[in-house]
Amino acid sequence: MGIRVNPLIEIGSHSHIRTGGKYSKFGIVPNKVIAAIKRAQNKGLKVIGLHCHAGSNWLAKDLITFKKVTEVMTKTAKKARKFTKLTYLDFGGGLGIPLWPDEKSFTTDQLTQYATIIKKAIKEAGVKEARIEPGRFLIGDTGILLTKIIHVSKGEKPINVAIVDAGFNVFGRPFIYGAYHQIIACSKANKTPIKKYMIGGNLCEGGDVFNTSKKELRPMPLLEENDILAIFNAGAYGFSMSSQFNLRLRPAEVAIINGKAKLIRKKEEYQDLLKNQIYS
Ligand SMILES: Cc1ncc(COP(=O)(O)O)c(C=O)c1O
């Protein structure tokens, strides 16, 4: 078995997805790891790895903090090895993708730095195997949410509002984390933005907007009903965080495989909302 260590360092783009540090519910603090190993051994369990995941969606500028996390793991592993034979250290996931326009992807050099930090950590710890658990980095930018505009305000509100036929039940990251996701109007991608809009979802919650917040309005070309909007970087924590909130149905999912569209999940029907109900 492995033990999840809280390195008492947090990293990540939003407090909700930082999983290390003093105010984290995860893991065992480094100076209690030996006691945890002994407790496991008393129950007949063999501890062969130490694991951590200090947080999610961090970028190259955070490599310094990630290195500090690995140093805590190395130090903890060196002590732990006196009590158990460790075969691996697991550094979790967390590698991010650029969301805001001024953010940059990891370069090959920066990924090499990431690998070098990990290699050094396991070597110093005297452990053979390194494990990582990247999630978003692998699939975040592979998904796009397409949603249709069902209403555009016409001067009756203090701001311009375009309401779409999806809500935070379909894609929750802007609502839950105030996450920025690029939005374009598919048939107007080359048109100059001329107005700032709130892109509102179709749920009865004031926070149900696809902007980062109710106050961050998005410069867009003139939007009209039936325009299809594309919300980018919806490939990770999109469907997996979707729900039937407010008894709403989730849309279909389509994969593009070798240039061909393939339905990979049917859109939900009303009977899907009721299928687990027990009537008697
Ligand atoms: C233990 C653990 N490992 C890996 C991940 C993946 O994180 P990410 O998608 O940021 O790489 C998570 C995400 O919650 C996690 O909790």
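The values are calculated or read from the model by the stated rules, or taken from the named source; none is laboratory data. Please read these numbers as outputs of a predicted model, since none were measured by experiment. Neighbour counts run over all protein chains shown; Cβ positions are idealised from the backbone, glycine included. Please note that ligands, DNA and RNA were not included when accessible areas were found on the heavy atoms of the full protein model with its side chains. Shrake-Rupley method; radii C 1.70, N 1.55, O 1.52, S 1.80 Å.
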*Using the alpha-carbon atoms, what tilt in degrees (0 to 90, nearest 10) does helix 108-125 show relative to the longest principal axis of the chain?*
30 degrees
*asked:* Straight-line reach only, C-alpha to C-alpha below 17 angstrom: list the aspartates and glutamates that Lys104 could link to, leaving out same-chain residues fewer than 8 apart.
replied: Asp62, Asp141
*When ligands, DNA and RNA are left out and all protein chains stay put, how many square angstrom of accessible area per residue does the range 2-135 have with a 1.4 Å probe?*
56 Å²
*For the range 160-280, convex hull of alpha carbons as volume per residue, Å³*: 131 Å³
*Taking a quarter of the surface of the Cα convex hull of the range 2-135, what do you get in nm²?*
8.0 nm²
_Extreme residue, positive dipole direction of the chain, given options Gln182, Ser105, Gly207 (C-beta unit charges)_ = Ser105
*Tell me, what % of the accessible area of the chain is carbon and sulfur with a 1.4 angstrom probe?*
55 percent
*Could you list the chymotrypsin sites (Phe, Trp or Tyr not before Pro) in the range 17-60 that lie in coil according to DSSP, counting only those with at most 11 other Cβ atoms within 10 Å of their Cβ?*
Tyr23
*Relative to the longest principal Cα axis of the chain, at what angle does helix 33-42 sit, 0 to 90 degrees, rounded to 10?*
80 degrees
*Of the beta bridges DSSP finds with both residues in the chain, what % are antiparallel, to the nearest 5?*
55 percent
*With both partners inside the range 143-274, how many of the DSSP beta bridges are antiparallel, as a percent to the nearest 5?*
85 percent
*Run through all the Cα pairs of the range 60-216 and give the fraction in each 10 Å bin from 0, expressed as whole percent.*
9, 29, 23, 17, 14, 7, 2, 0
_Share, in percent, of DSSP beta bridges within the range 2-135 that are antiparallel, nearest 5_ = 10 percent
*Once the other residues with Cβ under 14 Å from the Cβ of His51 are scored (Lys, Arg +1; Asp, Glu -1), what is the net sum?*
-1
_CD proxy at 222 nm, helix term only [per DSSP H run n ≥ 4: -39500 (n - 2.57); per residue of the chain; nearest 500]_ = -6500 deg cm²/dmol
_Intensity falloff of the chain expressed as log10 I(q)/I(0), Debye formula with alpha-carbon point scatterers, at q = 0.07, 0.10, 0.15 Å⁻¹_ = -0.36, -0.67, -1.10
*For Lys266, list the aspartates and glutamates whose Cα falls under 20 Å from its own Cα; do not include residues on the same chain fewer than 8 positions away.*
Asp165, Glu253
